[in-house]
Amino acid sequence: MKTSNFKFTLALCIIGLTAVSILLAGCESEQPGEQTEYRTDMYSQPSFKPQEDPIARVAGTAPMFGYEAPIKDSLEATKLKTPFLFTRASEDTGKFLFNTYCSVCHGVAAKGDGLVAPKFSTPPDLTAPLYRRTPDGYFYSVIRKGHIIMPSYYEHTTQRERWLIVAHLRRLQQHD
């Protein structure tokens, strides 16, 4: 009986040592002379700045989707022009998007009288003459990046949807 327990224990030890050896062999560094850290904390990780692409762009190429050039400031934003043509269906989509994202604060008619407006600083009346003269690119930039108390809608809307919201805002300004 003792012999069978000894053999069983010996077999378990051999299996355990083999497993540990295999696991440790997989932990070697790929670079000669470099040691592998078994635990790294957040401060020692390779990281990128917020909203920075982890892969450098190839010069002279244009991405098919997912990349929008950074907007440095308001002056640069005013130079932006919509790259889309809008139809009757896109007007309805723009209205839906405005009512979904903007009307809560700015109101359905963009007068700054939305449901939550009394609880925060009053949003501006976007149909006022000052905003009628404001370039489309500025509105696009504010929707994309946010402004003062207004949050960014970059993650919630696509580039086309942001331009649809701007187009709907222009229609509201014409009807005022």
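Laid out as a table, the results:
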{"item": "Tally, over the stretch 142-170, of residues that are β-branched (Val, Ile, Thr), within 20 Å of residue 83 (Cα to Cα), outside any helix (DSSP H, G or I) and touching a residue at least 12 places away in the same chain (Cβ under 8 Å)", "result": "1"}
{"item": "Residue match in the stretch 116-138 (condition: charged (D, E, K, R), at negative phi and under 25 Å from the mean Cα position of the chain (by Cα))", "result": "yes"}
{"item": "Filter result for residue 139 (touching a helix residue (DSSP H, G or I) at 6+ places or on another chain (Cβ under 6 Å) and loosely packed, with under 14 Cβ neighbours inside 10 Å)", "result": "no"}
{"item": "Qualifying position, being modelled with pLDDT of 65 or more, surrounded by 10 or more Cβ atoms within 10 Å (Cβ to Cβ) and not in a helix (DSSP H, G or I), among 14, 71, 55", "result": "71"}
{"item": "Number of the exception - residue 122 against (1) in a helix (DSSP H, G or I); (2) surrounded by fewer than 15 Cβ atoms within 10 Å (Cβ to Cβ); (3) in contact with a Gly (Cβ under 8 Å, 6 or more places away or on another chain)", "result": "(1)"}
{"item": "Residue that is of a type in the set (Lys, Arg), under 20 Å from residue 146 (Cα atoms), surrounded by 11 or more Cβ atoms within 10 Å (Cβ to Cβ) and touching a residue at least 40 places away in the same chain (Cβ under 8 Å), where the choices are 95, 111", "result": "95"}
{"item": "Residue 146 being out of contact with any helix residue (DSSP H, G or I) (no Cβ under 9 Å at 6 or more places or on another chain) and on the phi > 0 side of the Ramachandran plot", "result": "yes"}
{"item": "Those residues of the stretch 104-125 which are closer than 15 Å to residue 139 by Cβ and either touching a Leu at 6+ places or on another chain (Cβ under 8 Å) or not charged (D, E, K, R) (or both), in sequence order", "result": "105, 106, 110, 112, 123, 124"}
{"item": "Close pairs (7 angstrom Cβ cut-off, 6 or more residues apart or separate chains): without any contact (Cβ under 8 Å) to a residue 40 or more places away in the chain in the stretch 116-141, among the basic types (Lys, Arg) anywhere", "result": "125/111"}
{"item": "Counted residues, the stretch 125-136 - those being more than 23 Å from residue 83 (Cα to Cα) and either surrounded by fewer than 17 Cβ atoms within 10 Å (Cβ to Cβ) or not polar (S, T, N, Q) (or both)", "result": "4"}
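The values are calculated or read from the model by the stated rules, or taken from the named source; none is laboratory data. The shown structure was predicted, so the numbers you read here are calculated from the model rather than taken from an experiment. Backbone-built Cβ (ideal geometry, glycine too); neighbour counts: all protein chains shown.
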